[in-house]
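Q: Here it is: the structure, laid out below.
The values are calculated or read from the model by the stated rules, or taken from the named source; none is laboratory data. Just so we're clear, the structure is a prediction, and the values are computed from it rather than from any experiment. Glycine gets a Cβ as well: all are built from the backbone with ideal geometry, and neighbour counts include every protein chain shown. We work out accessible area using only protein heavy atoms, side chains counted, and drop any ligands, DNA or RNA first. Shrake-Rupley method; radii C 1.70, N 1.55, O 1.52, S 1.80 Å.
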Amino acid sequence: MAGLGSACLLVGLLTALYAAGASVYGARAGSRAAVASGRRAIYCVAGLMVTATVVLQSAFLRSDFSFQLVAEGSSTDTPTFYKFTAMWATQDGSLLLWALLMSLFSSAVLFATRRSLRDIAPWATAVLALVAGFFLLLMVAWENPFTTLASPPAEGAGLNPLLRHPAMMIHPPMLYTGYVGFSIPFAFAIGALIVRQTGADWIRATRRFALIAWTFLAAGIMLGALWSYAELGWGGYWAWDPVENASLMPWLVGTAFIHSIMVQEKRGMLKVWNVSLIVATFVLALLGTFLVRSGILDSIHAFGASTIGKQFLTFIAIAILGSTALIVSRLDDLRSRAKLDSLMSREAFFLVNNLVLVGLCVVIFWGTFFPLISEALSGEEASVGPPWFNRVTTPLALVLVALAAIGPMVPWRRASRSGLMRSFRLPISVMAVTLVALVAFTDSADSPPALVMFCFVALVLTVVAQELARGTAARRTIAGDPWPRALGQLIARNRRRYGGYLVHAGIAVLFLGVAASSAFDQQTDVRLSPGESFEAGGYDITYVRPTAEVGRDTSGTGAPIVFGAVLRARRGDAVQTLHPSRNFYPSQNAEAGPIGRFFEGEATSEVDVRWGLRRDLWTAVRPDIAELEPAIREADAKFADAGDDVQAIVIAAIVERYREQAPPASFRAIDSPLVSWIWIGGAIMILGALIAIWPSPEARMRRVTSIYAAKLGKELSSA
Amino acid sequence: MDPRRKRKLRLFVALSAAVLLAGALVYTSFSASTQAKEPSDLLAAAEPGRSYELTGKVVDDSVDRDGERLTFRIRDRDGRESLPVTYSGVVPDPFREGREVIVSGELKQGTFVAERDSLITKCPSKFTKDEQSA
C-alpha cells in the first residue's frame, strides 16, 4: 500500500509539471487543446492526491505500523477520532494535506473558469501546477509520508496528547484551506499580469475563492484560539506565538485585499496595490507554512529541526522576486485612469483601512521575526514578548474597529456634509450614551483602551443596525412586504453588502470580548489542601476533594490515569461545581519502569470552564504526584515481572492512595468577563462571510441567461 | 493650492508619518526586548538588574518543588555550565528534565530569579522523530 502512495506522489509531480508545460505551450501557441489538456492534468493531480490521502488515512485507521508516520503519530490505543487527525499532526502528513487541498481548489477554480478568461486561465493553471509541484517535490525528494519501516514496531508512539482536542481535528485543515485558497487569486493575478489584462476580470473570477480562503482562515484562527483556551492549561486564547502570528498575517493582508478589490471593481483604481496585496498574502501563507515547518523561530508548534527549511525559503524567494519583477515590468498596464476625488469618500476610507491592516501585519511581522532581525543588526538574539505586541497592536485595533463603523457610511467618490450628518447622528449619539453609562455605572474607565473599544463597538453595532433598518424600511415602501420578509429579501438580494456588514458586527462583538477579558480578567494561582478555600475574582472557591481514576476515559482522549479535583465555586447565591483534572499518558521510555511509566509520561490539563454570557469561570488543576514516588519506585521493584493484570491492580492501588491522602495541589482560576463574546463574534463573522459567499439567485439567473445567450449567438453565427 | 502641489504635500505628509511610525516601531521593540542567553553567557558577563531570557536544557535530577516554588538548574544546550533557577507560577505541560526551556528573569547573587509565569518549554519530543530516541 505504501508503494501505491509513493507512486501517487511521483506520478502527481510529473503530472503537475506536465500541466504547467502544456498550459504555457497552449497559451503561447494558441492551442486550445493543449490548454484543455493542462487543465485536465490538474484534475488528475487532484485524483492522485485523493488516492494518496485515502491510502495514508486507511493506514492510520488500521494502525499499520509499517508506515513510519503511523508508528510515530498513532497507536492502537489512540481513539479512532484522533487516529483520523494524526495525519496532519506530522510534517509529512501536513505536506500531503497541502497538496490535496491545493489540487482540489485548483480543480474547482479551473472547472469554474473553463469557459471564461481564455487568456489568463492557462497561465494561472501553470502557476497553480508549479505551486502544487513544489509541495509534491518536497514529499518525493525529502519528506515522503509513505516511508516504510523495515521492522515495524508492535505499538506506535501515539498522538501527542496536547493535540487531542476536537478543535485540533478541524483547526489545521481549516488553516491550510485558507492558506491554499489564497493561492487561487494569486495565480490568476499572475496570469493577468503576464497577459497584461489588468482589468477587474481576474478579480471577479477569483473573488469568491478569496472570500472562501478568508473565511476558512478566520475559522481556523478562531478554533486555534478556542483550543488554546480550552485545552492548554494556561487560560489564554492568544499568546502572540510565532505560529499564531503566522496565521494572522496572511489573514490581515487578505482582509485588506478583499476590501481594496472593491475599489478596483468600482473605480478601476489601486491596481498595483491589489496585485501587490495578493502576492503578499500568498507569500505570507507560504511563510506561515514554513514557520511551522522550519522551527526557525522557537515555538512549541514548530516541528523541531526540519529538513525542508532551505527549500521553503528558496521557493518563497522565487515567488517574491518573480512577482515583483512581473509587477514592475507591467507598471504601465497597471496605471489607473481614475483619481481619488475626495478624502471623504468610500475609496479613501478603504485605502486607510488597507494601510491600517497592512500596518498591523508589518508590526506583527517585525515582532515575530525580531529574534532574527536583532541577531542580524546587533549580533545578539533578543525577542519581544506579548506585552510589546499588546502595546503596539492595541491602537491599531482601535482605529480598525472605528473604521469598520465609518467606512460603510461614507458614499463612493465624495460625501456631502449633510449626508454624513444624517448618517452619523444616531450612531454618535448611541456611542456618547454608551460612554456616559459605562463611566457612570461600571469601572470600565480603569482601562482607557477598553473603554474606547467599548464605545467603538457600540458605534459599529449601531451603524450596522441602522443600515439594516434603513434598507428594510426602503424595501417595505417599495414592495410593501411585512418587515421580517423585507429584511430577508434585503439581505438575500445584496448578499455581499449585508454579509459584509454582518462581518463588521461580528468583529465588533469579538473585540468586545477581547477588550473586556484582557483588561478585566482576574487570575489567581494558589496551592491548596482538600477543604481549603480561596478567592478568585468574584468567586469563593473551595477545594472539596481530590479525584483519581484509572481506565475511565471521561474526556475521550485515551488517557489511562486521570487525577483531578472537585471544586465548589460560590458567587453570591449561585453555587457551581467544577471538575478540572489532569490526564496522565504512559511514557514510552523503558527506563521509567513498568509501573512508573504510567506516571512519568506526558500530562495535559483538562480544564473545566463554566461558560457564560456575562463571565467565564476557568479552572485548572495540577496535582502534585511527587509524594506517590516512593510507592511507585517500590512497586516497580516488586512487580517488574508481574503480569499485566497484577500491574493494573498495583496501579489502581497507587491511584487510590492519591484519592485518600492527596497532598496539596496547585490551582489556577480565572474570572474572565465577556470572554464568550469572542466566540460569538467569531461565529457572527463566519455567518456574515458565508452570506457574502453564497451565490445570489439573480447571479445564477444571469449566468444561465448569459450561457443561453452565448449558445444562441453561436448558433446564429454558424447559421 | 494647485492640485500638483497638493498631491506632493499629501505624499510628503504620508511619508513622514510612515517614517515616524517605523522609527517608533524600531525604538519600542529594541527597548522592550529581552536578550536570549545561555547559562555560560550569563556566568561570563551579566549586568545586574537587567532582564534576560535564559535558554537551555533542564539538568537531570535537578527539579525540586517546594510548595509554590520550583527550583531547577538550566545548562547550556551543548555544554556543562549551568545556573540554578527559582520559578513560581504555571509550569507548562511538557516541562521535563532534559527538555529545552526558555525562562525570563534576572540574575541575583548567582541564582536566576525568574518572572512569574514566564516559563516556556520548547516542543515536546513527540512532535519530532529526531528526538524520539533521546
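Q: Calculate the translational D of the stretch A:346-424 in whole µm² s⁻¹ from Stokes-Einstein, where the hydrodynamic radius comes from the Kirkwood formula applied to all Cα pairs, the temperature is 20 °C and the viscosity 1.002 mPa s.
A: Calculated translational D: 145 µm²/s.
Q: Counting only helical runs of four or more DSSP H residues, what would the 222 nm mean residue ellipticity of the protein assembly as shown come to if each run contributes -39,500 (n - 2.57) and the total is spread over all its residues?
A: Mean residue ellipticity, 222 nm, calculated: -20000 deg cm²/dmol.
Q: If we restrict to alpha carbons, what Rg and Dmax does the stretch A:85-131 come to, in Å?
A: 13.6, 42
Q: Let me ask you something else. What number comes out for the charge environment of A:Ala348, summing +1 per Lys or Arg and -1 per Asp or Glu over other residues with Cβ under 12 Å away?
A: Cβ neighbours under 12 Å give a net charge of +4.
Q: Which residue, chosen from A:Ala27, A:Pro630, A:Tyr229, occupies the Cα position most advanced towards the positive end of the dipole of the protein assembly as shown, where the dipole is computed from +1 (Lys, Arg) and -1 (Asp, Glu) charges on Cβ about the Cα centre?
A: Selected residue: A:Ala27.
Q: Roughly how many percent of the accessible protein surface of chain A is carbon and sulfur, given a 1.4 Å probe and a whole-percent answer?
A: Carbon plus sulfur share of accessible area: 63 percent.
Q: Distance in nm between label sites at A:Arg114 and A:Ile428, each 7 Å beyond Cα in the beta-carbon direction?
A: 5.6 nm
Q: Roughly how many debye, to the nearest 20, is the charge dipole of the stretch A:114-273 about its Cα centre, given +1 on each Lys and Arg Cβ, -1 on each Asp and Glu Cβ, and no other charges?
A: With Lys and Arg at +1 and Asp and Glu at -1, about 980 debye.
Q: Any idea what angle helix A:346-368 forms with the longest principal axis of chain A, computed on alpha-carbon atoms, 0 to 90 degrees, nearest 10?
A: 40 degrees
Q: Could you give the C-alpha radius of gyration of the protein assembly as shown expressed as a fraction of 2.2 N^0.38 Å, taking N as the number of residues it contains?
A: 1.02
Q: Among residues other than A:Ala479 whose Cβ falls under 12 Å from its Cβ, what is the net charge (Lys/Arg +1, Asp/Glu -1)?
A: Residues close to A:Ala479 contribute a combined charge of +3.
Q: Quick check: pseudo-label points 7 Å beyond the Cα along Cα→Cβ at A:Ala640 and A:Ile680, how many nm apart are they?
A: The two pseudo-label positions are separated by 6.0 nm.
Q: Right, something else. Please state the equivalent ellipsoid semi-axes for the stretch A:1-91: what are the square roots of 5 times the Cα gyration tensor eigenvalues, largest first, in whole Å?
A: 37, 11, 9
Q: Sticking with this one: Report the one residue of A:Phe290, A:Asn494, A:Ala7 whose Cα lies farthest in the direction of the positive end of the charge dipole of chain A (charges on C-beta: Lys and Arg +1, Asp and Glu -1; origin at the Cα centre).
A: Of the options given, the answer is A:Asn494.
Q: Going from the alpha-carbon gyration tensor of the stretch A:584-654, what semi-axes, largest first and in whole Å, does one get by taking the root of 5 times each eigenvalue?
A: 33, 11, 11
Q: Additional query: Taking 0.36 nm per residue of sequence separation and subtracting the Cα-Cα distance, how much length would be gained by fully extending the chain between A:Arg62 and A:Ser529, in nm to one decimal?
A: Separation in residues times 0.36 nm, less the Cα-Cα distance, equals 163.6 nm.
Q: Let me check against my output: what whole-number percent is the relative contact order of chain A, with C-alpha pairs under 8 Å and at least 6 apart?
A: Worked out over chain A, it gives 10 percent.
Q: Averaged across the residues of A:370-383, what count of C-beta atoms belonging to other chains lies within 10 Å of each residue's C-beta?
A: 4
Q: Working from Cα positions, state the angle (0 to 90°, nearest 10) between the long axis of helix A:386-406 and the longest principal axis of chain A.
A: On a 0 to 90 degree scale, this one is about 40.
Q: Now a separate question. Given a Förster distance of 30 Å, report the FRET efficiency between A:Ile478 and A:Ala338 from their Cβ-Cβ distance, rounded to the nearest 0.05.
A: 0.45
Q: For A:Ser581, what is the net charge nearby, where nearby means another residue's Cβ is under 9 Å from its Cβ and Lys, Arg count +1, Asp, Glu -1?
A: Computed value for this residue: -2.
Q: Just to confirm the number: angle between the C-alpha axis of helix B:3-32 and the first principal axis of chain B, 0 to 90 degrees, nearest 10?
A: Approximately 20 degrees, to the nearest 10.
Q: Can you find, among A:Phe312, A:Ser345, A:His171, the residue sitting farthest towards the positive end of the charge dipole of chain A, where Lys and Arg contribute +1 and Asp and Glu -1 at Cβ?
A: Most positive-ward Cα: A:Ser345.
Q: Please identify the trypsin sites (Lys or Arg not before Pro) of the stretch A:180-279 that satisfy two criteria: DSSP loop assignment and at most 15 other Cβ atoms within 10 Å. Which are they?
A: Taking the stretch A:180-279 and a limit of 15 other Cβ atoms within 10 Å, the loop trypsin sites (Lys or Arg not before Pro) found are A:Arg196.
Q: Multiply the residue separation of A:Ala465 and A:Arg496 by 0.36 nm, subtract the distance between their alpha-carbon atoms, and state the gained length in nm to one decimal.
A: Full extension from A:Ala465 to A:Arg496 adds 9.5 nm.
Q: While we're here: For chain A, give the magnitude of the charge dipole about the Cα centre (Cβ charges: +1 Lys/Arg, -1 Asp/Glu; no others), in debye to the nearest 20.
A: 5300 debye
Q: Going 7 Å from the Cα of B:Arg77 toward and past its Cβ, which residues in the stretch B:24-41 have a backbone nitrogen under 15 Å from where you end up?
A: B:36-41
Q: If the reach is capped at under 20 angstrom between alpha carbons, list the aspartates and glutamates near B:Lys108, excluding any in the same chain fewer than eight residues apart.
A: B:Lys108 reaches B:Glu38, B:Asp41, B:Glu47, B:Glu53, B:Asp64, B:Asp66, B:Glu68, B:Asp76, B:Glu81, B:Asp117.
Q: Roughly speaking, what is the centre-to-centre gap between the stretch A:391-417 and the stretch B:37-99 when only Cα atoms are used, to the nearest Å?
A: Each part's Cα centre sits 47 Å from the other's.
Q: Strictly over 22 Å apart at the Cα level, which of A:Lys339/B:Lys6; A:Lys271/A:Lys711; A:Lys266/B:Lys8 would you flag in this model?
A: A:Lys271/A:Lys711; A:Lys266/B:Lys8
Q: To continue, here is another question. What's the FRET efficiency of B:Asp64 with B:Leu20 using the Cβ-Cβ distance as r and R₀ = 60 Å, to the nearest 0.05?
A: 0.75
Q: Under a 1.4 Å probe, what is the accessible area of chain A per residue, stated in Å²?
A: Ligands and nucleic acids excluded, the figure is 42 Å² per residue.
Q: How big is the shadow of the Cα convex hull of the stretch A:492-556, averaged over all directions, in nm²?
A: 8.7 nm²
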